[in-house]
Amino acid sequence: LGARIDEARAAVLAGEGVAPADVPGDLVTQSGGGIDPHLSPAAVRIQIARVARARGIEAAEVERLVAAHTEAPQFGVLGAPRVNVLELNLALDETR
């Protein structure tokens, strides 16, 4: 498990150009099934510039869509804010 996390962290560092301390844990781990459609806002934010370049759109537009697909803690108190990545990707697809 440790080796897999180190490998995932190295991939994030190479792809996003951030410092090791800036890599959110949810970018190097996964849910039990590996299909959880949510990431933390921090995990999504460090990918904004790369996603904007890859999609040929302004980073500000990606930021707007991230904000629109960020969900509050459940019932206002359970859990932490999270971004529904599935819905975000669908919205990004519509920007073409």
Report yes if residue 88 is under 24 Å from residue 2 (Cβ atoms), within 12 Å of the chain's Cα centre (by Cα) and surrounded by 11 or more Cβ atoms within 10 Å (Cβ to Cβ), otherwise no.
no
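Here's the yes/no breakdown for (1) outside any helix (DSSP H, G or I); (2) among the basic types (Lys, Arg); (3) at pLDDT below 95; (4) over 28 Å from residue 94 (Cα atoms):
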| residue | (1), (2), (3), (4) |
| --- | --- |
| 4 | no, yes, yes, yes |
| 21 | no, no, yes, yes |
| 26 | no, no, yes, no |
| 52 | no, no, no, no |
| 57 | yes, no, no, no |
| 62 | no, no, no, no |
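Suppose we filter 77, 28 for residues that are open to solvent by 80 Å² or more (accessible area, probe 1.4 Å) and among the β-branched types (Val, Ile, Thr); which single one remains? Lay out the reasoning, then the answer.
Values: 28 fails: open to solvent by 80 Å² or more (accessible area, probe 1.4 Å).
Of 77, 28, the one residue that is open to solvent by 80 Å² or more (accessible area, probe 1.4 Å) and among the β-branched types (Val, Ile, Thr) is 77.
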Kindly evaluate residue 51 against the criterion of being under 20 Å from residue 84 (Cβ atoms) and under 14 Å from the mean Cα position of the chain (by Cα).
yes
Contact list please: Cβ distance under 8 Å, first residue in region 70-96 and under 16 Å from residue 38 (Cα atoms), second residue acidic (Asp, Glu), pairs at least six apart or on different chains.
81/71; 82/71; 83/71; 84/71
For region 1-17, pairs from a residue that is open to solvent by less than 60 Å² (accessible area, probe 1.4 Å) and of a type in the set (A, V, I, L, M, F, W, C) to a residue that is in a loop (DSSP other than H, G, I, E, B) and at pLDDT 90 or above, with Cβ under 6 Å and 6 or more apart or across chains, are 12/23
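The values are calculated or read from the model by the stated rules, or taken from the named source; none is laboratory data. Every value quoted in this text rests on a predicted model; they were computed, and no experiment measured them. When we count neighbours, we look across all protein chains shown, and the Cβ atoms used for this are built from the backbone with ideal geometry, even at glycine. The area values use the complete protein model at the heavy-atom level, side chains included, leaving out ligands, DNA and RNA. Shrake-Rupley method; radii C 1.70, N 1.55, O 1.52, S 1.80 Å.
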